[in-house]
Protein chains: 2
Amino acid sequence: MTKNFNFIEKLRETGLRPTKQRVKICEVLFNRDKTFHFTINDLVKKISEELNEKISLATVYNTVHALQKKGYLKEISINSDKSYFDTNTTVHHHFYDEDTHQLIDCDENEIENVNVKNNITGKKINSVEVLVRVASDNQNQN
Amino acid sequence: MTKNFNFIEKLRETGLRPTKQRVKICEVLFNRDKTFHFTINDLVKKISEELNEKISLATVYNTVHALQKKGYLKEISINSDKSYFDTNTTVHHHFYDEDTHQLIDCDENEIENVNVKNNITGKKINSVEVLVRVASDNQNQN
DNA sequence: TCAACAGTTTAGAATAATTATAATTTATAA
DNA sequence: TTATAAATTATAATTATTCTAAACTGTTGA
């Protein structure tokens with residue numbers, strides 16, 4: 001049950017013109033139960049799988065960045081060769097599975113509040129986020 | 001006072017052949033008081049500034065990765081367009097100054113131990129690291 | 001309703017970081 | 001010293017991302 005109207009409204013509210021492509025990208029991103037973690041490549045793949053459509057790479061980049069700038073998406077740095085995005089835009093923590101390269105949200109109560117006792121003078125803290133790297137117990141040589 | 005012998009020994013110990021280039025890179029990286037945070041580009045620049053030498057880009061990449069694999073360097077992900085490395089290879093936390101794009105080590109006592117209460121089943125925790133993003137108080141529009 | 005215009009999309013070129021290749025050179029063990 | 005395995009190098013290739021300029025589309029207001 002796809003409620004595109006939602007997205008059209010949402011996009012309009014933030015001053016993004018609700019074009020066909022943007023609405024479709026929003027469908028793929030936000031019509032989900034769970035948070036969606038993805039790279040641009042994942043997203044392009046999903047679009048062609050789920051919608052059977054081709055949206056130009058440039059448009060996907062533009063749209064994702066537009067959504068991010070407007071606060072609908074959050075960029076997450078895990079490794080340096082790719083950008084990950086997260087549909088959960090709140091400040092929250094992650095597990096990163098080094099075997100499968102999967103990113104998993106931490107439940108709020110899985111990590112205690114992190115207490116930063118000192119800060120750089122003259123600066124304000126924008127976010128405090130924890131990355132827990134996990135891997136299967138065996139393959140740890142070399 | 002450059003003690004290359006140290007590096008020659010150290011490299012040899014871990015099974016890295018102490019070539020001219022590797023020893024020079026080690027000098028630049030490890031003959032410092034403070035932890036050194038750098039991108040490959042920073043490093044290449046430092047090499048040509050401090051040693052007045054040109055080491056091929058490929059060699060710098062290879063060497064940095066070799067050092068990293070052997071545990072002399074640690075890779076850190078802040079943003080996705082570049083790899084940062086850190087000569088402090090212990091598990092520790094960082095401030096990232098979003099204005100200047102500088103990475104700063106947290107002192108051990110600046111952040112309380114992070115308590116991860118739940119883990120992904122079947123996986124073991126490799127590291128738990130905090131990134132505190134800071135920025136100057138003003139420029140926060142858009 | 002429709003014209004006009006600004007904002008979008010698009011394919012493809014350009015760029016930047018990184019990795020691969022293959023020939024040459026070097027460190028080291030015998 | 002010499003053979004050989006490993007390292008270095010310049011350069012090409014690759015990959016992720018951004019830019020560009022032309023074509024297209026959503027929106028505004030006459």
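Just one of the listed residues (B:ILE125, B:ILE104) is at negative phi, at the interface with chain A (Cβ under 7 Å from one of its Cβ atoms), within 12 Å of the chain's Cα centre (by Cα) and surrounded by fewer than 19 Cβ atoms within 10 Å (Cβ to Cβ), namely B:ILE104. A:PHE95 falls short on exactly one of the conditions (1) farther than 19 Å from A:PHE36 by Cβ; (2) within 8 Å of another protein chain (Cβ to nearest Cβ), and that condition is (1). Which of (1) in a loop (DSSP other than H, G, I, E, B); (2) within 12 Å of the chain's Cα centre (by Cα) does A:ILE120 not meet, given it meets every other one? With respect to (1) in a loop (DSSP other than H, G, I, E, B); (2) within 12 Å of the chain's Cα centre (by Cα), A:ILE120 is out only on (2). Residues in the stretch A:62-71 that are surrounded by fewer than 18 Cβ atoms within 10 Å (Cβ to Cβ) and of a type outside the set (Lys, Arg) were compared, and the one that is nearest to DNA strand C (Cβ to nearest atom) is A:ASN62.
In this structure, is B:SER80 assigned to a strand (DSSP E or B), over 14 Å from the mean Cα position of the chain (by Cα) and either at pLDDT below 85 or facing another protein chain (nearest Cβ under 8 Å) (or both)? No. If the condition is being open to solvent by less than 60 Å² (accessible area, probe 1.4 Å) and within 15 Å of DNA strand D (Cβ to nearest atom), then the stretch A:47-56 contributes A:ILE47, A:ILE55, A:SER56.
Residues considered: A:GLU75, A:GLU98, A:GLU129. Of these, the only one that is of a type in the set (Asp, Glu), within 12 Å of DNA strand D (Cβ to nearest atom) and closer than 23 Å to B:SER77 by Cα is A:GLU75. Out of curiosity, is B:GLU53 farther than 26 Å from B:LEU131 by Cα, modelled with pLDDT of 90 or more and either acidic (Asp, Glu) or more than 11 Å from DNA strand C (Cβ to nearest atom) (or both)? For B:GLU53, the condition - farther than 26 Å from B:LEU131 by Cα, modelled with pLDDT of 90 or more and either acidic (Asp, Glu) or more than 11 Å from DNA strand C (Cβ to nearest atom) (or both) - is not met. Filtered by the rule that a residue be hydroxyl-bearing (Ser, Thr, Tyr) and part of a helix (DSSP H, G or I), the stretch A:46-77 gives A:SER48, A:THR59, A:TYR61, A:THR63. Return the only residue of B:THR19, B:THR39, B:THR14, B:THR59 being open to solvent by less than 80 Å² (accessible area, probe 1.4 Å), within 12 Å of DNA strand D (Cβ to nearest atom), out of contact with any Asp or Glu (no Cβ under 7 Å at 6 or more places or on another chain) and modelled with pLDDT under 95. After applying the criteria, what remains is B:THR14.
Restricting the stretch B:22-36 to residues that are open to solvent by less than 100 Å² (accessible area, probe 1.4 Å) and closer than 21 Å to B:GLN102 by Cα, the residue that is nearest to the chain's Cα centre (by Cα) is B:PHE36.
Please list, ordered by first then second residue, the pairs with beta carbon atoms under 8 Å, 6 or more apart or interchain, first in the stretch A:15-41 and away from chain B (no Cβ under 14 Å) and outside any loop (DSSP other than H, G, I, E, B), second open to solvent by 50 Å² or more (accessible area, probe 1.4 Å) and within 13 Å of DNA strand C (Cβ to nearest atom). Cβ pairs passing all conditions: A:LYS24/A:GLU53.
The values are calculated or read from the model by the stated rules, or taken from the named source; none is laboratory data. Keep in mind the model is a prediction, meaning the values are calculated, not measured. Here the Cβ is made from the backbone with ideal geometry for all residues, glycine too, and neighbour counts use every protein chain on show. Just the protein is used for accessible areas: all its heavy atoms, side chains included, with ligands, DNA and RNA removed. Shrake-Rupley method; radii C 1.70, N 1.55, O 1.52, S 1.80 Å.
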